[in-house]
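Structure record follows, encoded as structure tokens.
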Amino acid sequence: MKNKEIADLLDRIGVLLEIKDDNVFKIRAYHKAAENIASVAEDIATLRQENRLSEIPGIGKAIEEKIAEYLDTGKIKAYQELIQEIPETLLDIVNIPSIGPKKAKLFWEELRIKNVDELRWAAEDGKLLGLPGIKEKTIENILSGIKVVQAGQERMNLGAATQIAEQFVAALKSLPEVKEISVAGSLRRSRETIRDIDILVDSTDPQKVMETFVCLPQVKQITVQGDTKSSVLTKENVQVDLRVVEPKSFGAALLYFTGSKNFNVKLRQVAMKKNMKVNEYGIFRVAVSGKETCVASCTEEECLNALGLGYIPPELREDIGESELFSGRKIPKLIELKDIRGDLHVHSTWSDGRNTIAQMAETAQKLGYEYLSISDHSPRLRVAGGVSPENLKKKKKEIEDLNSKLKNFRILFGTEVEIDSDGNLDYNEKILSEFDIVIAAIHSGFEQKQAQLTKRLVKACQSKYVTAIAHPTGVHLGKREPYDIDLKEICKAAVDTNTFLEINSFPVRLDLNSHNVYFAHSQGVQFVINSDAHSIDHLPFMKFGVAIARRGWLTKEDVLNTLPLKQLEKVIKNRNR
DNA sequence: GCCGTTTTCGGCCCGACTGTTTTCAGTCG
């Protein structure tokens, strides 16, 4: 699937045009197009074949042609021409914090600096001094920016970001000067990966809050410090931004700083049509005279209502389902964590889990679940110590013994069975029929061609014993790209065979992701949300999967493990017969 | 370069902070 490649390339064209000081709206069009392509769940090559590229918002004639050109030739002529004029490596320079297209252009034109190393040498040798607008402080910022980039500022997964944010929130919350506090930004929207952490505080004494914030022990470096906004780098090189507002603007500020950027743009466009204005201080009515009157600011709901919109949960403030959001259609009641009645994919010491079945079950009960499936790996997955057929008998006995002592809770005898390179399952039919629930997964042979990988998953769906496909795309955030599958084909197979697709809540997976969930849902797919816990500490990861489900517009009715045990068992039994 | 319930041309979101400037451009979110 070439979606990401093409999105990257269009983004690069955008930046190069910025360096060239081209029309800002043209530049924005390229970035917007790139963003939208990156978030399309379907293969862009398929969309092109079906002549549906223009269905993607922000794709007009010119960009459509460039996409086609890339799919046919592997190149885009316009890009090749741009990098004849401007060295491609200037793109790395623009990536350095405090450097944008203007400075990159300046350094290139005046000093022929074309990459980060040359820039560092020039900065260290004082060669940048004397260029217009460049003095000591700017050089200092450039050198520190280079260090930040080279230390690696990759996006964190949702779980890692949540952990860091919780530390900051806890520290600030204890201050008497802090009235309300909330995370904002992409973390509040529960994006799969997060770059910076945004925190919003409402306080009557901003200075005190800022002082405390920048002096917290986890802070390594202060990058920005103002009256209402400060930014720091933590020891792990994570940027944390703090905004402080007056209590009366908390809602407007929260709306504003939660974003997404595109959602905010959309809100302002809605506002403009009503002769209104949106900023972080409130929603304003603008009179013909130009006089502005604040009409809402205290809560997000108030602000959205003032714009004629109902409340929109943060997870939906994305481009996913945007047309629905602003068409006046009612937003469904999204699934919540409390709707989840059990976890159908966890591991125990029988394979690569760290805790016993009993321990896992005990924690699951504390979380308020009604059931838990111990879905250990099958033998083919050697590294995980998959359970042999002989051991399965012992494991089943252990579960039966535990169940006989449990009240209002049931442990299910499950498996996460390997799908081999031909799409066959790692246990025979007789063994598979013994399980309460079977989920099937791919853990090897990722490098196969799209057709073959897709066929494997489709074949697994067709097994009458398989209830769900675990982590369908195999992505490992920041480590491994998803394997090349035709999601549409797999959705079709899932729907035809009543097979559920998993939303795996494990923070490095989050697979399916929210875009895929939204797409699969549109194809009629049903889901299961699992933690894939390998220890009792992992069971609470379920909240991340639920967040992804919400981002994909799912309601509780779309998710198998919101059912009470009896109904769940019935669904599993009746499936595909 | 894209887009349309002000529709095929003329628009295209808004503000904080920094470092350089004597009032603002660049960067960032």
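The values are calculated or read from the model by the stated rules, or taken from the named source; none is laboratory data. Please read all numbers here as calculations on a predicted model, not as lab measurements. Every residue, glycine among them, receives a Cβ derived from its backbone with ideal geometry; neighbour counts consider all protein chains shown. Side chains included, ligands, DNA and RNA excluded: accessible areas come from the protein's heavy atoms. Shrake-Rupley method; radii C 1.70, N 1.55, O 1.52, S 1.80 Å.
List of remarks:
- Cβ-Cβ under 8 Å pairs, at least 6 apart or on other chains, the range A:268-283 side touching a residue at least 40 places away in the same chain (Cβ under 8 Å), far side of a type in the set (Phe, Trp, Tyr): A:270/A:326
- Pair list, Cβ < 9 Å and 6+ apart or interchain, from the range A:124-151 residues that are among the acidic types (Asp, Glu) to residues that are open to solvent by 30 Å² or more (accessible area, probe 1.4 Å) and more than 10 Å from DNA strand B (Cβ to nearest atom): A:124/A:143
- Verdict on residue A:232 being out of contact with any strand residue (DSSP E or B) (no Cβ under 6 Å at 6 or more places or on another chain), within 22 Å of residue A:98 (Cβ to Cβ), crowded, with 17+ Cβ neighbours inside 10 Å and not assigned by TED's automatic domain parsing to the domain that holds residue A:479: no
- Qualifying residue in the range A:437-450 (condition: in a loop (DSSP other than H, G, I, E, B) and open to solvent by less than 10 Å² (accessible area, probe 1.4 Å)): yes
- Pairs, first outside any helix (DSSP H, G or I) in the range A:549-567, second among the β-branched types (Val, Ile, Thr), C-beta under 7 Å, six or more apart: A:552/A:517; A:554/A:335; A:554/A:517; A:555/A:335; A:559/A:335; A:559/A:528; A:559/A:529; A:563/A:571
- Selection from the range A:386-441 of residues that are under 16 Å from residue A:469 (Cβ atoms) and hydrophobic (A, V, I, L, M, F, W, C): A:417, A:419, A:425, A:432, A:435, A:437, A:438, A:439, A:440, A:441
Yes/no matrix, rows are residues, columns are (1) within 22 Å of the chain's Cα centre (by Cα); (2) under 30 Å from residue A:90 (Cα atoms):
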position: A:119; (1), (2): no, yes
position: A:122; (1), (2): no, yes
position: A:134; (1), (2): no, yes
position: A:150; (1), (2): no, yes
position: A:166; (1), (2): yes, no
position: A:180; (1), (2): no, no
position: A:184; (1), (2): yes, no
position: A:194; (1), (2): yes, yes
position: A:203; (1), (2): no, no
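- If you go through the range A:74-87 and pick out every residue that is farther than 18 Å from residue A:4 by Cβ and free of Cβ contacts under 8 Å to residues at least 24 places away in the same chain, you end up with 4.
- Flag for residue A:164 being in contact with a strand residue (DSSP E or B) (Cβ under 7 Å, 6 or more places away or on another chain) and in a helix (DSSP H, G or I): yes
- Selection within the range A:12-58 - free of Cβ contacts under 8 Å to residues at least 40 places away in the same chain, farther than 20 Å from residue A:68 by Cβ and not in a helix (DSSP H, G or I): A:22, A:23
- Filter pass, residue A:356 being at negative phi, polar (S, T, N, Q) and either in the same structural domain as residue A:514 (by TED's automatic domain parsing) or free of Cβ contacts under 8 Å to residues at least 12 places away in the same chain (or both): yes
- Tallying residues that are part of a loop (DSSP other than H, G, I, E, B), within 21 Å of residue A:444 (Cβ to Cβ) and not hydrophobic (A, V, I, L, M, F, W, C) within the range A:500-526 yields 1.
- Sole residue being more than 30 Å from residue A:259 (Cα to Cα), out of contact with any Cys (no Cβ under 8 Å at 6 or more places or on another chain), without any contact (Cβ under 8 Å) to a residue 60 or more places away in the chain and assigned to a loop (DSSP other than H, G, I, E, B), chosen from A:330, A:397, A:393, A:407: A:407
- Set side by side, the residues A:491, A:461 differ, and just one is more than 21 Å from residue A:545 (Cα to Cα) and open to solvent by less than 10 Å² (accessible area, probe 1.4 Å), which is A:461.
- Residue check for residue A:293: in a strand (DSSP E or B) and either acidic (Asp, Glu) or not assigned by TED's automatic domain parsing to the domain that holds residue A:551 (or both): yes
- Taking the range A:235-259 as the range and being surrounded by 18 or more Cβ atoms within 10 Å (Cβ to Cβ) and in a loop (DSSP other than H, G, I, E, B) as the test, the residues that pass are A:238, A:259.
- Checking each residue in the range A:34-61 for being open to solvent by less than 50 Å² (accessible area, probe 1.4 Å) and within 6 Å of DNA strand B (Cβ to nearest atom) picks out A:58, A:59, A:60.
- Apart from one condition, residue A:200 fits all of (1) of a type outside the set (Val, Ile, Thr); (2) surrounded by 18 or more Cβ atoms within 10 Å (Cβ to Cβ); (3) touching an Asp or Glu at 6+ places or on another chain (Cβ under 6 Å); the exception is (3).
- When the range A:521-535 is limited to residues that are open to solvent by less than 40 Å² (accessible area, probe 1.4 Å) and in contact with a strand residue (DSSP E or B) (Cβ under 6 Å, 6 or more places away or on another chain), the one that is farthest from residue A:193 (Cα to Cα) turns out to be A:525.
- Residue match in the range A:111-118 (condition: within 9 Å of DNA strand B (Cβ to nearest atom) and crowded, with 17+ Cβ neighbours inside 10 Å): no
- Screening the candidates A:130, A:100 for the property of being near DNA strand B (Cβ under 10 Å from one of its atoms), among the small types (Gly, Ala, Ser) and farther than 22 Å from residue A:224 by Cα yields one hit, A:130.
- Selection count where residues are touching a residue at least 60 places away in the same chain (Cβ under 8 Å) and crowded, with 21+ Cβ neighbours inside 10 Å, scope the range A:89-100: 1
- Of everything listed in (1) more than 26 Å from residue A:568 (Cα to Cα); (2) among the polar types (S, T, N, Q); (3) not in a helix (DSSP H, G or I), the single unmet condition for residue A:454 is (3).
- Filtering the range A:173-183 for residues that are within 15 Å of DNA strand B (Cβ to nearest atom), farther than 19 Å from residue A:163 by Cα and either open to solvent by less than 20 Å² (accessible area, probe 1.4 Å) or in a strand (DSSP E or B) (or both) leaves an empty set.
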